[in-house]
Amino acid sequence: MRCPRCGHEEDRVIDSRAVRDGKGVRRRRECLGCAHRFTTYEYVDAVALLVVKRDGRREPYQRDKVKQGIFRAGQKRSLSAEEIEAVVDRIESRLHSSGGEEVEAREIGRLVMDELRELDPVAYVRFASVYRRFESIQEFVEIVEGIAGQH
């Protein structure tokens, strides 16, 4: 591992811990050249998922896109970075456990909506308004009434 400060290629591992429910390892390292300490993360390289878009195009799954969508929906709400990471972790776990190599974009959107419905109803409505592409006020009202009936 190359030191981010000096570029030296030798280091020693000071500490290792499991992260993301045992799906990865966090390692604290110390450069043997300059003694700078830094953190690395290691994850199993899972089978690449392809996302099938509404128009039929396929593109590689991107964790950051899901995270950004949730972040935008939850802006100025009480969603913490840890909660967003946990939501994305659960979604990815469900996607990978299905065993397929392709997933439809609408399935990812449905999983995000399921998570947000429980976590933050306002973020859920915000996400739903973009994901479902409401054509009328009535569709929006139905979503809000559905949430109001649950809480």
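Sequentially through region 91-103, phi angles give Karplus couplings (6.51, -1.76, 1.60; θ = phi - 60°) of 4, 4, 4, 5, 5, 6, 6, 5, x, x, 9, 10, 9 Hz, Gly and Pro residues having no value and appearing as x. Here the contact order of region 17-99, divided by its residue count and restricted to Cα pairs under 8 Å and six or more residues apart, works out to 16 percent.
How high is the relative contact order of the chain, in percent, with contacts defined as C-alpha pairs under 8 Å that are six or more residues apart? RCO, the chain: 16 percent.
Counting Lys and Arg as +1 and Asp and Glu as -1, what is the net charge of the other residues whose Cβ lies under 11 Å from the Cβ of Val52?
Details: positive: Lys53, Arg54, Arg57, Arg58, Arg106; negative: Asp55, Glu59, Glu101, Glu102, Glu104, Glu107.
Counting the neighbours of Val52, the net charge comes to -1.
Beta carbons within 10 angstrom, averaged per residue: use that to sort the peptides 25-31, 9-15, highest first.
Details: 25-31: 16.6, 9-15: 12.0.
Peptide ranking by packing, descending: 25-31, 9-15.
Hull volume per residue, based on the alpha-carbon atoms of the chain and their convex hull, is 153 Å³.
I need the peptides 106-116, 88-98 ranked by packing, meaning the mean over residues of other C-beta atoms within 10 angstrom, with the highest value on top. If you can, show how the numbers build up before the last one.
On the way: 106-116: 18.4, 88-98: 15.5.
In descending order of packing, they fall as 106-116, 88-98.
The angle separating the long axis of helix 105-119 from the principal Cα axis of greatest extent in the chain is about 90 degrees. Backbone phi angles across region 30-42, fed through the Karplus curve with coefficients 6.51, -1.76 and 1.60 (θ = phi - 60°), yield HN-Hα couplings of 10, 5, 7, x, 10, 6, 5, 9, 8, 10, 10, 10, 10 Hz in residue order; Gly and Pro are listed as x. Seen from Arg29, the other residues with C-beta closer than 15 Å to its C-beta sum to a net charge of +2, counting Lys and Arg as +1 and Asp and Glu as -1.
With +1 on each Lys and Arg Cβ and -1 on each Asp and Glu Cβ, and nothing else charged, work out how big the dipole of region 68-151 is about its Cα centre, in Debye to the nearest 20.
Charge dipole of region 68-151: 340 debye, to the nearest 20.
Every number here is computed from the coordinates shown, using simple stated rules; none is lab data. In this text, all values refer to a predicted model and were calculated from it rather than measured experimentally. Neighbour counts are summed over all protein chains in view; Cβ atoms, including those assigned to glycine, are modelled from backbone coordinates with ideal geometry.
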